[in-house]
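> Got a structure for you, written out below as structure tokens; questions coming shortly.
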Amino acid sequence: MVAIIAGAVMAVGFVANWCLRRLFSSLAITQHYERWVEELPSHLMEWPAWLKKFCHRHWPALTAVGASYLLAIIGLWLTFSDLALGPANPEYNSFSYQVLNRQGTLIFTTILIWLFFKILQSITSKYWLSLCLTSGLMLVFFIADHIKLGLRDEPILPADVTSVQTFGEILKFVSVWVVIAGVVGVRYYRFDP
């Protein structure tokens, strides 16, 4: 009985494997992946040249991910800079704990910032404009969140952003000169290529 069940499982596995290979071999992403795997170096001494070529070819994506990660660290620093974990070690604060032990939080925040950047890039079709706008908006949000945490011990909540009356209160956290400089900068920016 066990041999029959094992044979049936093997036969089903073989047929499923064959069907999936036939199905996925014609997809463009599978062919792209296979070409990428063929380009990988087979010898250890070839890796530095391949890595340099990879970074040169994909610098925009790597720059955007690096900037998103840096913005995520800045956001954590502004959020958790004053919160000590306890009297046992006053030098080991909540920011250090987040950066050293909770990389999942940083990676998730990085992905969200990167997705926001990609949405702006798809709207404007300009890489540097989108990266600068994303960085500026995230920094303004992180600074406003830091100020609100200091004043009310509460971060900016979605209810704060959705309330029409709260926009004026959030703008009170930012200097008038920063808003004027942003409006003037956007006004005089040339959007043509």
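> Could you report the range 113-152's accessible area per residue, 1.4 Å probe, as an integer in Å²?
Per residue, the range 113-152 has 57 Å² of solvent-accessible surface.
> A follow-up question, please. Arranged from highest to lowest average of other beta-carbon atoms within 10 Å per residue, in what order do the peptides 126-134, 10-18 appear?
Most protected by this proxy first, the peptides run 126-134, 10-18.
The values are calculated or read from the model by the stated rules, or taken from the named source; none is laboratory data. Everything numeric in this text was worked out from a predicted model, so none of it was measured. Using ideal geometry, Cβ is built from the backbone for each residue, glycine included, and neighbour counts are taken over all protein chains shown. Ligands, DNA and RNA are excluded from the accessible area calculation, which covers all protein heavy atoms including side chains. Shrake-Rupley method; radii C 1.70, N 1.55, O 1.52, S 1.80 Å.
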